[in-house]
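Encoded as structure tokens, the structure appears first; notes follow it.
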């Protein structure tokens, strides 16, 4: 009988893992299991184009024919309840069980819920999947006043999308600045200014403590007693990795399913990839869990190679992007523990600048706003592990490409 | 449907019939053509779908502009016929076009 690889999670990571298995020469069966009723699709557009009524379907990662042509069996609307490692079986909610030879967790993450009084009122939404986007889209058609809880990327991207649709938008951020967890203060100041220019109200140091309303939400009350009118609330306060299946199967979990640089768990027949993993990155010299499409794809490839017995260590620098209004933010690298921020361009005026993050003189990351050249240069500098001259990267009169020759 | 021929850096050729309106990047993804990564899914953010367009077809595809042009200026080995394949949307006139995939997208 042919060997069978089962992939749990019809996600960016899951779909790419299936494709990479075929590209890496896997001849056996592939079953890709998804809990949603849809083939794998792009999630980043959910906070943007998916909110337009004209968009009738998710943006598919690959067309339906792709799965047929490559003999990838996709099981949709299918919930996995348990993994029996001793018998190498995946048990499903409908009572069936599927035998595997190799297993991949691409289970992703789910939204963190706000558990405060009034949380079950109508008009309160979260955004993670296509159905969420459809629900929000429906709500937008009648809503006038939106309150977004959480000033992270999801909150700010939604603020931009809702503002474009003419809603009044208020963002409530718990800390003293938006994007506090992920960027330097200057970048937070920049995004606050731009959103203000676009008519979004951003209020920091606000902790939502209660939703008020009769049936549907009408106000958000904060812990300091302040209240904000709302007929639509979207909460974007982070995600929790889906690790329960792995944990109940006896695999190590530590803010993510613990894998090595080959995307392997401690079970030689089980790999994991994407947002659900806690993985080592030799280039960053640390373990981390990333919430990002490029990481999901890169790690899926690593996992596929391991499944095929051709292990290759994962060692890519992370990168991210976020589109808001007329701005494209591209982030190269991982800025954790930076000790210096060098700016190129003017963050207090206009909509184009770079924040370079240095650690002991070495570039570790760059936030590039409408600066594609600098982004590409930053990626290459990171790949080469070069030290950079702070004066040089700050000098906006130099062609960014010259940084590669320094 | 227009036929697009992809040639990778090893010289391997892939012929693909693509629906009008699809991007050259999508054609590569749907047909498992290695060498085009398309990490951002086609929103012109990552420059990992770089290709060289057959000179004879440049007047049909147009050349890179704006964000795409800036990204391309810093890819490995940019040329005058460099494009990001997610930004080339197939038309009937592109039938027979050859695109070459560079050795590396980084």
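Quick check on the range A:129-144. Is at least one of its residues assigned to a strand (DSSP E or B) and in contact with a strand residue (DSSP E or B) (Cβ under 9 Å, 6 or more places away or on another chain)? Within the range A:129-144 (the criterion being assigned to a strand (DSSP E or B) and in contact with a strand residue (DSSP E or B) (Cβ under 9 Å, 6 or more places away or on another chain)), the answer is no, since none of the residues qualifies.
For every residue, the table says whether it meets (1) under 18 Å from residue A:120 (Cα atoms); (2) loosely packed, with under 15 Cβ neighbours inside 10 Å; (3) in contact (Cβ under 8 Å) with a residue 12 or more places away in the chain.
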site	(1), (2), (3)
A:177	no, no, yes
A:183	no, no, yes
A:202	no, no, yes
A:208	yes, no, yes
A:215	yes, yes, yes
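Conditions (1) more than 13 Å from chain A (Cβ to nearest Cβ); (2) in contact (Cβ under 8 Å) with a residue 24 or more places away in the chain; (3) part of a helix (DSSP H, G or I); (4) within 11 Å of the chain's Cα centre (by Cα), marked per residue:
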{"residue": "B:15", "(1), (2), (3), (4)": "yes, no, no, no"}
{"residue": "B:19", "(1), (2), (3), (4)": "no, yes, no, no"}
{"residue": "B:27", "(1), (2), (3), (4)": "no, yes, yes, yes"}
{"residue": "B:35", "(1), (2), (3), (4)": "no, yes, no, yes"}
{"residue": "B:45", "(1), (2), (3), (4)": "no, no, no, no"}
{"residue": "B:48", "(1), (2), (3), (4)": "no, yes, no, yes"}
{"residue": "B:51", "(1), (2), (3), (4)": "yes, yes, no, yes"}
{"residue": "B:75", "(1), (2), (3), (4)": "no, yes, no, no"}
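When A:351, A:344, A:371, A:287 are checked against the criterion of being surrounded by fewer than 21 Cβ atoms within 10 Å (Cβ to Cβ) and in contact with a helix residue (DSSP H, G or I) (Cβ under 9 Å, 6 or more places away or on another chain), a single residue qualifies: A:351.
When A:172, A:156 are checked against the criterion of being farther than 18 Å from residue A:113 by Cβ, touching a strand residue (DSSP E or B) at 6+ places or on another chain (Cβ under 7 Å) and crowded, with 23+ Cβ neighbours inside 10 Å, A:156 stands alone in meeting it.
Residues in the range A:34-54 that are facing chain B (nearest Cβ under 10 Å) and under 12 Å from the mean Cα position of the chain (by Cα): 4 in all. Within the range A:258-294, being modelled with pLDDT of 95 or more, within 14 Å of chain B (Cβ to nearest Cβ) and on the phi < 0 side of the Ramachandran plot holds for one residue alone: A:290. Note on the range A:337-392: among residues that are in a loop (DSSP other than H, G, I, E, B) and within 14 Å of chain B (Cβ to nearest Cβ), the one that is farthest from residue A:194 (Cα to Cα) is A:385.
The values are calculated or read from the model by the stated rules, or taken from the named source; none is laboratory data. This structure is a prediction, so every number in the text was calculated from the model and none was measured. Cβ: placed from backbone, ideal geometry, glycine included. Neighbour counts: every protein chain shown.
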